[in-house]
Amino acid sequence: MDLIAVRTFVAAAEAGQFQVAADELAITQQAVSKRIAALEKDLGVPLFTRTARGARLTVDGQAFLPHARALLDAAERAAASVRPGRRPLRVDVIGRRSAMAGVLRDFHRARPEVDLDVVILFEANADAAATAIRSGAIDASFRCVTMPGSTLPDGVEATPVFDEPLQLFVGPAHEFAKSPAVTPAQVSGHRIWMPGNVPGTEWSAYYDALAVEFGLTIDAIGPNFGVEGLLDTIAESSTIATFLSERTPLVWPAVHDLRRIPLRDPTPVYPHSLLWHADNPHPALATLRAYLASRPSAHLGTEVWTPAWARRSHPRDDRARS
C-alpha cells in the first residue's frame, strides 16, 4: 500500500478539506485529489464524499481511518528501528563471557541512557566483523586486529582498547597448582586443552601464534561442552591445563579447587580493538568511543606479548612486543 497516499488520506480526514491538507503537506490540492483517488481505486471503495464545504468521510473511510493511522505509526517505528540515534547501538563481541562484554556492561552502568544491542556474529573473525560494519549490519565490534593476511575494508577504522592478560587454569593435582606464577616457557611440554579453538577464528589464530612463540602444545581435539565441561575435566586431571582470561566471569563448585596461575615474563595478552565505520553517524558510537578512551590504561607491571600480526597503533599499547 502506498504510504504517501495513506498519509495524504489521514491529513485530509483530519483537516476536513483537501486544500487545508494540501497546505499542511506542502503540495497542491490537485495532488491531494490524485493521491486519494489512487488510494480509493486500490481499495475499491470511496473514502470521501465531496461537499461544498469540504470532504466528509464515508462509512468505509471512517472504518479505514484508524488502520491508516496504525500503518503510519508502524512505518515510523520501522524507520526508527534503523535510524541512527533512534535505534540501539549494535555492538558485536566474540562471546557474552568475554572481557569486552564485561567492558560493555561497565559502559552501560556508566551511561544507562544509551540503548545497546549486544550481538555475536556467527563468523568469528575480524574480516567478518569488518564486512558487517561496512554493510551496516552492526555499528561496532571488539576484535583482535588483524589476523594473518586480513585487511580492513575502506572506511573501517580500528583502535586498540584493551589488553586482556591470560592466566593458566589448573586443577589441585597439577604440577603448577601451588605456583604463585609461571612463565610461558615453563608451560612448554604440558598439555593445554582448548576444544573451543575452531580453525578460522581469531582466537585460534592468536593461540597458534602463542604456541609457536613459546613451544606450547595446545590441544583442540575433542567435543566442546562449553567452559563448565572444560573446568570439570581440568579439576579431575593432574596433567591438563587451559588458558583463560583473568577477567572471564566463572563460577565452579568449591570441590573443584581450581587454581588461577598468573603468567609472567612475558604475560600473554589478548589485544582487543574497537572496529567501526568512519562514516557511521550514530551518536551513541561517539559516546562509546569517548568512554573507552577515558578508561585508565592497565599497568601489568611486566613485559607483555602479542602476536606479530596484531595491530598495535594506540599509545597505551607501546609496551607490547611481538
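Key figures
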read-out	value
Residue count, region 221-263 (criterion: within 22 Å of Ala209 (Cβ to Cβ), at pLDDT 90 or above and surrounded by fewer than 19 Cβ atoms within 10 Å (Cβ to Cβ))	1
Qualifying residue in region 118-127 (condition: without any contact (Cβ under 8 Å) to a residue 60 or more places away in the chain and of a type in the set (S, T, N, Q))	no
Qualifying residue in region 271-286 (condition: farther than 30 Å from Val114 by Cα, at pLDDT 80 or above and not hydroxyl-bearing (Ser, Thr, Tyr))	no
Yes/no for Ala11 being part of a helix (DSSP H, G or I), under 44 Å from the mean Cα position of the chain (by Cα), within 30 Å of Pro283 (Cα to Cα) and not assigned by TED's automatic domain parsing to the domain that holds Thr287	no
Members of region 36-66 found to be surrounded by 15 or more Cβ atoms within 10 Å (Cβ to Cβ) and of a type in the set (Val, Ile, Thr), listed by number	Ile36, Thr58
His190 being more than 28 Å from the chain's Cα centre (by Cα) and surrounded by 20 or more Cβ atoms within 10 Å (Cβ to Cβ)	no
Hey, Val91 at pLDDT 90 or above, farther than 23 Å from Ala209 by Cα and surrounded by fewer than 22 Cβ atoms within 10 Å (Cβ to Cβ) or not	no
Subset tally (residues that are free of Cβ contacts under 8 Å to residues at least 40 places away in the same chain and either buried (at least 17 other Cβ atoms within 10 Å of the Cβ) or over 18 Å from Thr51 (Cβ atoms) (or both)) for region 1-29	15
Whichever residue in region 197-221 is assigned to a loop (DSSP other than H, G, I, E, B) and under 21 Å from the mean Cα position of the chain (by Cα) and, among such residues, is nearest to Ala185 (Cα to Cα)	Asn197
Flag for Ser273 being of a type in the set (Ser, Thr, Tyr) and under 25 Å from the mean Cα position of the chain (by Cα)	yes
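The values are calculated or read from the model by the stated rules, or taken from the named source; none is laboratory data. The model shown is predicted, which means the values in this text are computed figures rather than measured ones. Positions of Cβ are backbone-derived with ideal geometry, glycine not excepted, and every protein chain shown enters the neighbour counts.
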